[in-house]
Amino acid sequence: MSIATTHPGGHAAEPYQGGLRRWLTTTNHKDIGTMYMMFSLIMFFVGGLMILAVRAELFQPGLQLMKPEFFNQLIGIHALVMIFAALMPAATGFANWMIPLMIGAPDMALPRLNNWGFWLLPPAAILLTLPFTLALFGIGDGALATGWTFYAPLSVQGGMGVDFAILAVHILGISSIMGSINIIVTIFNMRAPGMTMMKLPLFAWGWLITAFLLIATLPVLAGAVTMLLTDRHFGTHFFDAAGGGDPILFQHLFWFFGHPEVYILLLPVWGLMPHVLATFSRKPTYGYKAQVYSFIAIGLLSVVVWAHHFFTAGMPVPALIYFMFSTMAISLPLAVLFFCWIATMWKGAMSFETPMLFAIGFIVLFGIAGLTGLILADVAADAQYHHSYFVVAHFHYALFAGGIMGVMTGVYYWLPKWTGHMYCEKLGKLHFWLTVFSFNLTFIPQFFLGLAGMPRRIPDYALQFAEFNAISTVGAFILGLSQLIFAWNIWITVRGGKKAEGRVWESAEGLEWELSSPPPHHSWETQPVIK
Amino acid sequence: MNAEPTPSAFSDDDLRRRRAAARRLGWLLAAFVLGLYLIGLLIKR
Amino acid sequence: MSSSPGHAVPGEHYFVPQPSLYPVILSAGMFLLAFGFIQVINNFGPGKWVMLGGTAVILYVLFGWFGRVISESQSGAYRDWEDRSFRYGMIWFIATEVMFFAAFFGALFYVRVISVPTLGDMMATHGTSLWPEFAGTWPTSGPKGPAFTPMGAWGIPALNTALLLSSGATVTWAHWSLLRNRRRQLALGLLATVVLGSVFLGFQAYEYHHAYNELGLTMGAGAYGATFFMLTGFHGFHVTLGTIMLIVILLRCLSGHFSAERHFAFEAVAWYWHFVDVVWLVLFVFVYWV
Ligand code: HEM
Ligand SMILES: [Cu+2]
């Protein structure tokens, strides 16, 4: 694709707001993107600390550090924080920063709404974690203790931590929906003249499908937790068989959202991968159209497979078979994506800067997530593996190796564009190798534990599981500590470092690289024309 | 605006070598995966 | 998937609003409302007052933020390009609302088609049941629920259907009048819509009163009561919002806002009203009628 004009026009007269006021009031997509990324990084460490406490407890059999009730609270809030406050905001941060730059738009289509979407996150994070603090003062009995899935009837009977989590989910949901609407409108209405949908960067395509999935499924989660709230406090019987309701109804509603959610977390990453792989293979992306169609196919399939999360709860055999095969069908478009990623590297002149290392690490480890997912999708096998550590390992290959490492790929790739400085390549590589090593040290043993029958969500376990749990805990602590390198590297890159060129990577393609690094506060005020 | 591309960090020779290496590694991995597959076929449980 | 790319006039500048404090304040207000609500339902802290404070903050922002948007709109800051953003935005917002109602309809269909019949068939299918005498017919408040009389379809609900359908017609009449620049008819059409919406709400309030006091039909009346009040309640809430929005639009029309060419706010509210209308039709069929 070639560009006729690359000059942004004159700057709009905008009173520059210094200090805190700038961040509170900003309508600028770059500022808002930065806030999303910083929030995500902070919450990544908050959620990480929680789970390190859990792993410490699991280092040995027996109860050493905490009461089981507190253990249950930690795992549930860990998951909610990681999913809603670390991964999703990181993806939205990417979208805010990059989509306008990539499609030649002056800003997001609805800038004030954009600011609101971000500022809903801190209140929600406070609501999620506040019950821990209140419990210290003798108010209530701590946070949500049901795990992140809120299953009834436990969640109907639970303490007020459930109410905090319900309200937090409502606010997080509003935030995500506002973000999604904004992204859809931006992609449909703000593209540079000449940028047809089939010239749209794949990152924007991935996010477009994500946004549609959010719009289709988050309101259903909102409805589900609302019913939970009325069951808890207003006497309804949605999830109570004595009133003609059904606890399984909650599982249907939750996973109608929950399964698409895993694609919501990953589609933005799948969108950014081809950019990184093409840049460092010095070749154009292989199979642009195939990837677009795969995104669409995955998006459609993902809303019709939800019941694979509760095969063991009991359902008619035809339903089991349907959900098994539809789930397995998702691996077809997913395999197309894998093929395209690999074919992009095939015969390329590859070089292995940190983003490329993370991208390749992502492909290999996320592949394991997909393969173990196929095992779980098999109804007969799942009868054995459901609610075991095998599932925990599976979804950490998906969400940490797929999600978080995908986000790290994007951060290393775009950080020089955002800050105007090169990050430290040595530290980046160290971070990568430590992460890959300790991630596998943490989670490979969990596959074995699950296969041997260790259930998930328990603070104590049988003696036979001791060794693998000890190894896993050691891995987790190395993994946690390695992330300090990441934070440090970001810090020094923001503060200074080698100057980055506009086209940070010499073979990178796309509008975003036509701008300086960092781009001016207002970019593409006059849209470029794509020929 | 400083939109000029960064001068290439790699010489043409270097890029050629990298291309060849990528192709070799690709075949190697393909052979490895095929091998795993065949072993899987042969194992009787 | 190919929508028309970009904007019409090359070189045109998109309207990016000035920095604004409203979003942050709104978030703070929502935090207070949520936190106060949790206090109220769990009986700790000064919950009521926190909720009241939160509501006040939210109202302040609604007036301020919408006021700002209206004055921007009146000053001509929005042209076709911005207008299209608002339209797309409203369409996808309504789509989220559709999915929100879908959750409750899903619950209704699930209990009617799956959980209640299964519970009734337990003796036949499994030879055992916690509640062997439970028949599993709809409407029901479940094996252990209180006795109640279900709401009939052909009294007030049918009347309400007629009211809402006519209100859909009157709002369309108002729209046509706006397009033909007949301001009096525009105002009349809107006024009629507001009146019809309000009467609908009045009837619904009466119906709720009747249900609680004479029919024994409460939120606690098992699966029927839960789905009935959740669906009609959220619908009624949306009618209330829609009526308030229509009143604002009416007042704006009276002060001369909107032209035949540019009236996004009017159309957005009209779309919203039609959406509420359609939800009611589905609700009338599946909650009251069959
Ligand atoms: C081919 C691809 C995949 C298949 C066939 C698959 C299949 C499954 C199945 C059947 C389960 C339920 C296991 C059980 O609880 O017994 C499961 C759990 C899970 N999967 Fe996957 N999966 C795939 C990819 C992914 C991806 C891409 C993600 C995330 C980005 C993901 C995240 C999860 C999570 C979070 C859970 C556990 C949720 C919980 O119980 O808390 N999976 N997967
Ligand atoms: Cu799933």
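The values are calculated or read from the model by the stated rules, or taken from the named source; none is laboratory data. Not measured: the values here are computed from a predicted model. Reconstructed Cβ throughout: ideal geometry from the backbone, glycine too, with neighbour counts over all protein chains shown.
Summary of values
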item	result
Only one of A:ALA307, A:ALA216 that is within 11 Å of chain C (Cβ to nearest Cβ), part of a helix (DSSP H, G or I), within 16 Å of ligand 2 (Cβ to nearest atom) and surrounded by fewer than 23 Cβ atoms within 10 Å (Cβ to Cβ)	A:ALA216
Cβ pairs under 7 Å, 6+ apart, first in the range C:251-276 and assigned by TED's automatic domain parsing to the domain that holds C:ILE91 and in contact (Cβ under 8 Å) with a residue 40 or more places away in the chain, second in a helix (DSSP H, G or I) and basic (Lys, Arg)	C:PHE258/C:ARG252; C:PHE264/C:ARG87
Unique match (being within 14 Å of chain C (Cβ to nearest Cβ), more than 16 Å from ligand 2 (Cβ to nearest atom) and under 22 Å from C:ALA102 (Cα atoms)) among A:PHE239, A:PHE257	A:PHE239
A:GLU69 being within 16 Å of A:GLY480 (Cα to Cα) and acidic (Asp, Glu)	no
Candidates C:GLY197, C:GLY152, C:GLY145, C:GLY222 - the one that is at positive phi and touching a helix residue (DSSP H, G or I) at 6+ places or on another chain (Cβ under 8 Å)	C:GLY222
Criterion (within 15 Å of ligand 1 (Cβ to nearest atom), under 28 Å from A:ILE166 (Cα atoms), aliphatic (A, V, I, L, M) and modelled with pLDDT of 95 or more) met by exactly one of A:VAL305, A:VAL336	A:VAL305
Test: residue in the range A:110-126 that is touching a residue at least 24 places away in the same chain (Cβ under 8 Å) and part of a loop (DSSP other than H, G, I, E, B)	yes
Whichever residue in the range C:178-213 is among the polar types (S, T, N, Q) and farther than 26 Å from C:MET151 by Cβ and, among such residues, is surrounded by the most Cβ atoms within 10 Å (Cβ to Cβ)	C:GLN185
Matching residues, the range A:264-285, being within 16 Å of ligand 1 (Cβ to nearest atom) and either surrounded by fewer than 23 Cβ atoms within 10 Å (Cβ to Cβ) or closer than 15 Å to A:TYR413 by Cα (or both)	A:PRO268, A:VAL269, A:TRP270, A:GLY271, A:LEU272, A:MET273
Breaking point among (1) in contact with a Phe, Trp or Tyr (Cβ under 7 Å, 6 or more places away or on another chain); (2) under 25 Å from A:PHE352 (Cα atoms), for A:ILE485	(1)
Matching entry among A:LEU200, A:LEU213, A:LEU208, A:LEU167 (being under 18 Å from the mean Cα position of the chain (by Cα) and more than 16 Å from ligand 1 (Cβ to nearest atom))	A:LEU208
Failed condition for A:ILE139, given (1) touching a Gly at 6+ places or on another chain (Cβ under 6 Å); (2) not in a helix (DSSP H, G or I)	(1)
Every residue from the range C:26-67 that is polar (S, T, N, Q) and either touching a residue at least 12 places away in the same chain (Cβ under 8 Å) or within 21 Å of A:ARG232 (Cα to Cα) (or both)	C:GLN39, C:ASN42, C:ASN43, C:THR55
Test set (1) buried (at least 23 other Cβ atoms within 10 Å of the Cβ); (2) more than 9 Å from ligand 1 (Cβ to nearest atom) - A:ALA349 fails condition number	(1)
Those residues of the range A:488-506 which are surrounded by fewer than 21 Cβ atoms within 10 Å (Cβ to Cβ) and of a type in the set (Gly, Ala, Ser), in sequence order	A:GLY496, A:GLY497
Every residue from the range C:31-52 that is over 19 Å from A:THR230 (Cα atoms) and of a type in the set (A, V, I, L, M, F, W, C)	C:PHE31, C:LEU32, C:TRP49, C:VAL50, C:LEU52
Lone qualifier among B:ARG17, B:ARG45 - being at pLDDT below 90 and either among the basic types (Lys, Arg) or exposed (fewer than 11 other Cβ atoms within 10 Å of the Cβ) (or both)	B:ARG45
Selected residue (criterion: farthest from the other protein chains (Cβ to nearest Cβ)) from residues of the range C:103-139 that are in contact with a helix residue (DSSP H, G or I) (Cβ under 6 Å, 6 or more places away or on another chain) and among the hydroxyl-bearing types (Ser, Thr, Tyr)	C:SER129
Filter result for the condition that a residue is within 25 Å of C:PHE101 (Cα to Cα) and either away from ligand 2 (no atom under 16 Å from the Cβ) or facing another protein chain (nearest Cβ under 9 Å) (or both), over A:ILE264, A:ILE187, A:ILE248	A:ILE248
Neighbours by Cβ (under 9 Å, 6+ apart or cross-chain): first from the range A:338-351, under 13 Å from B:TRP27 (Cα atoms) and of a type in the set (Val, Ile, Thr); second modelled with pLDDT of 95 or more and outside any helix (DSSP H, G or I)	A:ILE342/A:TYR286
Residue within the range A:289-304 that is under 20 Å from the mean Cα position of the chain (by Cα), closer than 18 Å to A:PHE250 by Cα and within 16 Å of ligand 2 (Cβ to nearest atom) present	yes
Qualifying residue in the range A:363-381 (condition: more than 14 Å from ligand 1 (Cβ to nearest atom) and under 29 Å from A:ILE485 (Cβ atoms))	yes
One residue from C:ILE114, C:ILE70, C:ILE41 being more than 27 Å from the chain's Cα centre (by Cα), on the phi < 0 side of the Ramachandran plot, assigned to a helix (DSSP H, G or I) and surrounded by fewer than 18 Cβ atoms within 10 Å (Cβ to Cβ)	C:ILE114
Residues (part of a loop (DSSP other than H, G, I, E, B) and basic (Lys, Arg)) located in the range A:251-304	A:ARG282, A:LYS283
Matching residues in the range A:402-422 - criterion: being hydrophobic (A, V, I, L, M, F, W, C) and either farther than 23 Å from A:VAL392 by Cβ or at pLDDT below 95 (or both)	A:VAL411, A:TRP414, A:LEU415, A:TRP418, A:MET422
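Per-residue answers, yes or no, for (1) surrounded by fewer than 23 Cβ atoms within 10 Å (Cβ to Cβ); (2) at the interface with chain C (Cβ under 8 Å from one of its Cβ atoms); (3) under 30 Å from A:ALA393 (Cβ atoms); (4) polar (S, T, N, Q):
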position	(1), (2), (3), (4)
A:ALA91	no, no, yes, no
A:LEU121	no, no, yes, no
A:ALA124	no, no, yes, no
A:THR133	yes, no, no, yes
A:GLY140	yes, yes, no, no
A:GLY147	yes, no, yes, no
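Each row is one residue, and each column tells you yes or no for (1) touching a residue at least 24 places away in the same chain (Cβ under 8 Å); (2) more than 16 Å from ligand 2 (Cβ to nearest atom).
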residue	(1), (2)
A:ILE360	no, yes
A:ALA381	no, no
A:TYR385	yes, no
A:TYR389	yes, yes
A:THR409	yes, yes
A:TYR413	yes, yes
